[in-house]
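Asks: The structure is given below, and queries will be raised subsequently.
The values are calculated or read from the model by the stated rules, or taken from the named source; none is laboratory data. Computed from a prediction, not measured in an experiment: that's the story for all the values here. FYI the Cβ positions are ideal-geometry reconstructions off the backbone, even for glycines, and counts take in every protein chain you see. Just the protein is used for accessible areas: all its heavy atoms, side chains included, with ligands, DNA and RNA removed. Shrake-Rupley method; radii C 1.70, N 1.55, O 1.52, S 1.80 Å.
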Amino acid sequence: MSHSHSHAPGESHSHSHGPPQLQPQPQPQTLPTPDPAFLAVIEADFRPVSITLAADNITLLCEPHNLDKCSTCNLDYINLNRLSKILAQNPKLKAPPPGNIVSKNLSQAVNNTKEEGNAFYKMHKHREALGRYTMAASIAVQRPPWESNQLMREELSTVMSNRSASYVESEDYISALADAETVISIRRNWSKGHFRKARALVGLGMLDEAIEALQVGLAFEPNNTELGAYLEDIQKMMKDEQKT
């Protein structure tokens, strides 16, 4: 059965008053049955902890001590909080981008600050150079966790290598050695870290250990002229010491 009627001045249409069309009902989703063995593993590893939020409402802390890394509670929320802050500072970021997306502004900041340190180094202003290298290292480690860490390792190792050299010129050989070890730990096959370590060890009077450091570097780069020349210099130093 159908009829027509007016809905507004000068407007009319016809429609049917037949039985209403039934809409298909959505089928309830059936969840898979959990694996009892897998649940047992989860339950065995589950350890409830007391947590709280800092005043910014994005930083997670252990409740008893208000720390994001607490040895007493055996909790470490540093990386989680770092990700939380990055997401909070970028509200338009719907999801972390692919790992091949690089923060060009951050790379430029690292490079510019490092170059400022290099300029001070060339002027033998090592206190100022150390400050710039330290700042560049702090910037380098701020890369978002979804970015490939290869770039971060390259940037950080270069800056730390330069800082190690500046420490050597300042005759702070312990700090120079610590930076060289950091370079080696994050970029072991790079010759410069082993060279920096050898220089620091020579400054500490540890010539045998310096030779070993160079030999490790030469194992990665057998034809590296810088390592080879320095090895010869140290061996000559040892011969001269034996003559005296």
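Asks: Restricting to the range 146-177, and then to whatever is aromatic (F, W, Y) and at pLDDT 95 or above, can you tell me which residue is nearest to N105 (Cα to Cα)?
Replies: Filtering the range 146-177 for residues that are aromatic (F, W, Y) and at pLDDT 95 or above, the one nearest to N105 (Cα to Cα) comes out as Y167.
Asks: Checking S103 against (1) polar (S, T, N, Q); (2) within 15 Å of the chain's Cα centre (by Cα); (3) at pLDDT 95 or above, only one condition comes out false. Which one?
Replies: S103 satisfies every listed condition except (3).
Asks: A further question on this structure: With a cut-off of at least 2 residues that are open to solvent by less than 40 Å² (accessible area, probe 1.4 Å) and touching a residue at least 40 places away in the same chain (Cβ under 8 Å), name the helices (runs of 4 or more DSSP H) lying wholly within the range 126-244.
Replies: Filter on the range 126-244 gives 126-140, 149-169.
Asks: In the range 29-71, what residues are closer than 27 Å to Q89 by Cβ, of a type in the set (D, E) and open to solvent by 80 Å² or more (accessible area, probe 1.4 Å)?
Replies: Residue satisfying the conditions is E63 alone.
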